[in-house]
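Participant: For reference, the structure I am asking about is given below.
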């Protein structure tokens, strides 16, 4: 197991009715900016719960943050935060709202061009404190310091991270997820699954506990993902799903182990170019990465086949392929296709070259745990996923 440090200051407020407690975790004299997405929180009652919880505080609101939060939209929120002298941000929604709110919190106190936080990795030395009321379990953004932001004007989709952008608290009330459309539930399961794989599916690192943590999350997602779709108002299922998504990317399972993230980097470029949902790109790319890097990942692929998919006997190559096929079938069973053509991408044959060029332009020339996935190899991976 490699040396590591682990930092996560987010207080988790888990369970039914926890939204009512948020005011006790916000400074009494804070001027609060409530951020949210397309307005579903007004239909499912979450907005009213938040408003009731904030009674007595001075607060403002900013809605319309997109599923892939846009820099242009977020900068309007930054202007509002500066104008109203906001000193606390409360994100109410899924991972995109949380990501966008982290950028708002950082940009509001940033001296200089805020785009540099993303494009030039300018360090974030301070940010407004923020909390999250989670309504869509998927990204784990409610309990980490990372965010991914798109810029419509340039077609970029870039990430940043800062210890100053960890949420102060995160409310995880499983009942807020009952009204989610099946597509969002399925995407959330795939997202959490691939987050786990990016930290698990590399090479052995003498970290048996981390491996078992990761495998436990994978087993839980495989078991409960279909149940969440079949029984949308099952509190116990939604609770375990919500907790799994948080643990998949709160930093814990990645402690002391090598990580990959090539699937995510390739996927981000697909979203930016073709507009696919983030999880949809992951479902397309992950099987391709596993097949293309099966030599590098051989030991962990065999472990994954045995421990996750119960394929422990017979020819090793056959077991590896069976595990990859089982992964594809799991995604497909959730209604998330694993081939690019299934999403109706125009000129799909040109996609590998386009994505390869985008990766090169953004400097992603050595992806994966060994740095061996070049833009050209990424193009080859995608060509096999058409």
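The values are calculated or read from the model by the stated rules, or taken from the named source; none is laboratory data. Keep in mind that what you see is a predicted model, and the values were worked out from it rather than measured. As a convention, Cβ positions derive from the backbone with ideal geometry for all residues, glycine included, and neighbour counts pool all protein chains shown.
Participant: So which of 55, 20, 77, 28 is closer than 19 Å to residue 164 by Cα and either assigned by TED's automatic domain parsing to the domain that holds residue 121 or in contact with a strand residue (DSSP E or B) (Cβ under 9 Å, 6 or more places away or on another chain) (or both)? Lay out the reasoning, then the answer.
Facilitator: Details: 55 fails: closer than 19 Å to residue 164 by Cα; 20 fails: closer than 19 Å to residue 164 by Cα; 28 fails: closer than 19 Å to residue 164 by Cα.
That would be 77, the only listed residue that is closer than 19 Å to residue 164 by Cα and either assigned by TED's automatic domain parsing to the domain that holds residue 121 or in contact with a strand residue (DSSP E or B) (Cβ under 9 Å, 6 or more places away or on another chain) (or both).
Participant: Just the residues that are surrounded by 15 or more Cβ atoms within 10 Å (Cβ to Cβ) and over 15 Å from residue 288 (Cβ atoms), please, taken from segment 326-335. Steps first, answer last, please.
Facilitator: Looking only at segment 326-335, we keep the residues that are surrounded by 15 or more Cβ atoms within 10 Å (Cβ to Cβ), and these are 326-328, 330-331, 334.
Scanning segment 326-335 gives 326, 330, 334.
Participant: Say whether the condition of being farther than 22 Å from residue 158 by Cα, free of Cβ contacts under 8 Å to residues at least 12 places away in the same chain and surrounded by fewer than 15 Cβ atoms within 10 Å (Cβ to Cβ) is met by at least one residue in segment 73-86. If you could, list the steps in order and put the result at the bottom.
Facilitator: Taking segment 73-86 first, the residues farther than 22 Å from residue 158 by Cα are 80-86.
If we keep only those that are free of Cβ contacts under 8 Å to residues at least 12 places away in the same chain as well, we get 83.
Next cut, surrounded by fewer than 15 Cβ atoms within 10 Å (Cβ to Cβ) only: 83.
Yes, segment 73-86 has at least one match.
Let's see how each residue does on (1) modelled with pLDDT of 95 or more; (2) touching a strand residue (DSSP E or B) at 6+ places or on another chain (Cβ under 9 Å):
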residue: 293; (1), (2): yes, yes
residue: 302; (1), (2): yes, no
residue: 322; (1), (2): yes, no
residue: 327; (1), (2): yes, no
residue: 334; (1), (2): yes, no
residue: 338; (1), (2): yes, no
residue: 341; (1), (2): no, no
residue: 345; (1), (2): no, no
residue: 359; (1), (2): yes, yes
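Participant: Within the group 348, 341, 323, which residue is surrounded by 15 or more Cβ atoms within 10 Å (Cβ to Cβ), over 21 Å from the mean Cα position of the chain (by Cα) and under 27 Å from residue 229 (Cβ atoms)? Give the steps one after another, and end with the answer.
Facilitator: Working: 348 fails: under 27 Å from residue 229 (Cβ atoms); 341 fails: surrounded by 15 or more Cβ atoms within 10 Å (Cβ to Cβ).
Within the list 348, 341, 323, the selection yields 323.
Participant: Would you pick out the residues in segment 145-168 that are in contact with a strand residue (DSSP E or B) (Cβ under 8 Å, 6 or more places away or on another chain), surrounded by fewer than 24 Cβ atoms within 10 Å (Cβ to Cβ) and within 22 Å of residue 5 (Cα to Cα)?
Facilitator: Across segment 145-168, the qualifying residues are 145, 146, 159, 160, 161, 168.
Participant: Considering only segment 222-268, how many residues are without any contact (Cβ under 8 Å) to a residue 60 or more places away in the chain and touching a strand residue (DSSP E or B) at 6+ places or on another chain (Cβ under 9 Å)?
Facilitator: Looking only at that region, the number is 0.
Table: residues versus (1) within 18 Å of residue 196 (Cβ to Cβ); (2) touching a helix residue (DSSP H, G or I) at 6+ places or on another chain (Cβ under 6 Å); (3) not in a helix (DSSP H, G or I).
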site: 266; (1), (2), (3): yes, yes, no
site: 270; (1), (2), (3): no, yes, no
site: 282; (1), (2), (3): yes, yes, no
site: 289; (1), (2), (3): yes, yes, no
site: 300; (1), (2), (3): yes, no, no
site: 305; (1), (2), (3): yes, yes, no
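Participant: Identify, from the list 121, 219, the residue that is on the phi > 0 side of the Ramachandran plot and either free of Cβ contacts under 8 Å to residues at least 60 places away in the same chain or not assigned by TED's automatic domain parsing to the domain that holds residue 44 (or both).
Facilitator: Working: 219 fails: on the phi > 0 side of the Ramachandran plot.
Step by step, each of 121, 219 is checked, and only 121 is on the phi > 0 side of the Ramachandran plot and either free of Cβ contacts under 8 Å to residues at least 60 places away in the same chain or not assigned by TED's automatic domain parsing to the domain that holds residue 44 (or both).
Participant: Identify all residues within segment 289-299 that are surrounded by fewer than 22 Cβ atoms within 10 Å (Cβ to Cβ), more than 14 Å from residue 371 (Cα to Cα) and touching a residue at least 60 places away in the same chain (Cβ under 8 Å); write none if there are none.
Facilitator: Result: 291, 299.
Participant: Of all residues in segment 23-65, count the ones that are touching a residue at least 40 places away in the same chain (Cβ under 8 Å), surrounded by fewer than 18 Cβ atoms within 10 Å (Cβ to Cβ) and in a loop (DSSP other than H, G, I, E, B).
Facilitator: 2
Participant: Right, another one. Take the residues of segment 361-386 that are part of a helix (DSSP H, G or I) and in contact with a strand residue (DSSP E or B) (Cβ under 8 Å, 6 or more places away or on another chain): which is surrounded by the most Cβ atoms within 10 Å (Cβ to Cβ)? So that I can check it myself, show each step before the final result.
Facilitator: If we filter segment 361-386 for residues that are part of a helix (DSSP H, G or I), which is where we start, we get 361, 375-383.
From what's left, in contact with a strand residue (DSSP E or B) (Cβ under 8 Å, 6 or more places away or on another chain): 378, 381.
Working: 378: 29, 381: 26.
Within segment 361-386, the match that is surrounded by the most Cβ atoms within 10 Å (Cβ to Cβ) is 378.
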